[in-house]
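The values are calculated or read from the model by the stated rules, or taken from the named source; none is laboratory data. Please read these numbers as outputs of a predicted model, since none were measured by experiment. Note that each Cβ is placed from the backbone with ideal geometry, even for glycine, and that neighbours are counted across all protein chains shown. Keep in mind that these areas ignore ligands, DNA and RNA; they rest on the heavy atoms of the full protein, side chains included. Shrake-Rupley method; radii C 1.70, N 1.55, O 1.52, S 1.80 Å.
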Amino acid sequence: MNDALKGSCLCGAVRIELSGEPYRVGICHCLDCRKKSGGIFTSWAIYPVDRVKVTGTTASHALPNDYTHHSCPACASPVYQTQAGSDEAEVFAGALDEPNRLTP
């Protein structure tokens, strides 16, 4: 993937830009992921945290297992999450403008 992959929350107050290739792309249907997204599964693009550029201010919420969930404080759209001690950012694929550019 040569061009940055971009996305945002529903209202556009928080923008995200991903550069380079993701570590991995996939879906999860565990109970935690279903509760985080409100859907029956969650689609993720996992990137090195240093390849994720966020513009705008996110609301951060501590979750079980040392996760921090980042969402838009205005529209509450989930954007990404991180885990303490990890170099990964788990980006909600639904926040991306062109998620079809990702391949599992």
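Between Thr57 and Glu17, what FRET efficiency follows from the Cβ-Cβ distance if R0 is 22 Å, with the result rounded to 0.05? If you can, show how the numbers build up before the last one.
Numbers: r = 16 Å, r/R0 = 0.71.
The pair Thr57/Glu17 has a calculated efficiency of 0.90.
Stretched out straight at 0.36 nm per residue, the stretch from Glu98 to Ala84 would grow longer than its current Cα-Cα span by 2.2 nm.
Descending by average beta-carbon neighbour count within 10 Å, the peptides 47-55, 8-16 line up as 8-16, 47-55, the highest first. With Cα atoms defining each centre, the stretch 34-80 and the stretch 7-27 are spaced 10 Å apart in the structure.
Per residue, the accessible area of the chain comes to 57 Å² when a 1.4 Å probe rolls over the protein heavy atoms. Annotation: the antiparallel percentage among DSSP beta bridges lying fully within the chain is about 100.
Sorting Thr103, Thr82 by solvent-accessible area of protein heavy atoms yields Thr103, Thr82, largest first, with a 1.4 Å probe. Atom-type composition of the exposed protein surface of the chain places 50 percent of the accessible area on carbon and sulfur (1.4 angstrom probe). In this structure, the amide hydrogen of Cys72, modeled 1.01 Å from its nitrogen in the peptide plane, lies closer than 5 angstrom to those of Ala59, Ser77, Val79, counting only residues at least 5 positions away or on a different chain.
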